[in-house]
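Right, one structure below, let's go through it.
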Amino acid sequence: MPYITIIAKFKLLNNPEIVKNELLHLAESTRKEKGCVDYTFYIDNEDPATLMLYENWESEEDLKAHMEADHFVECFKKIERMFELEVHKLTELV
């Protein structure tokens, strides 16, 4: 069964170090969640104010549980006004 893949682009607007630290902390907790295959942030080499998130989940249910997890909700409450977000949800073409 193909993974559910998320690719998200974070354009940092202000307080970039706070955002980066919160997202790295989120990644550490998320990687321990059921169904998380990969959850990695990258910095754009051309624009250090742009972060890309690449994540893979075993199922829709696991992704939904992640988005409802306390650490996810709390993280985004802290930093939601500090970035613009573009999200793409993908399924592997088999």
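Throughout, read-outs are computed from the coordinates displayed, never taken from laboratory work. On a predicted model such as this, the values are computed, not experimentally measured, just so you know. With ideal geometry, Cβ positions are generated from the backbone for all residues, glycine too; neighbour counts draw on all protein chains shown.
Residue order for TYR42, TYR3, fewest other beta carbons within 10 angstrom first, comes to TYR42, TYR3.
To the nearest 0.05, what FRET efficiency results for ASN45 and ILE18 with a Förster distance of 30 Å applied to their C-beta separation? E between ASN45 and ILE18, to the nearest 0.05, is 0.85. Among MET67, MET1, a tally of other beta-carbon atoms within 10 Å of each Cβ gives an order, fewest to most, of MET1, MET67.
Give, as a single signed number, the net charge of other residues whose beta carbon lies under 11 Å from the beta carbon of TYR54, with Lys and Arg counted +1 and Asp and Glu -1.
Result for the local shell: -1.
For semi-axes √(5λ) of the Cα gyration tensor in Å, pick the label among [x] 31, 11, 9; [y] 26, 14, 11; [z] 22, 16, 10 that corresponds to the value derived from the coordinates. Here the calculated entry is [z].
Partners of LYS20 within straight-line reach, counting lysines whose Cα lies under 16 Å from its Cα and excluding those fewer than 8 residues away in the same chain: LYS9, LYS11, LYS77, LYS78.
Quick check: net charge around HIS66, other residues with Cβ under 12 Å of its Cβ, Lys/Arg +1 and Asp/Glu -1? The answer is -4. Within segment 45-73, which residues have the backbone N less than 14 Å from the label spot 7 Å out from VAL37 along Cα→beta-carbon, could you tell me? Flagged as within label range: 54-63.
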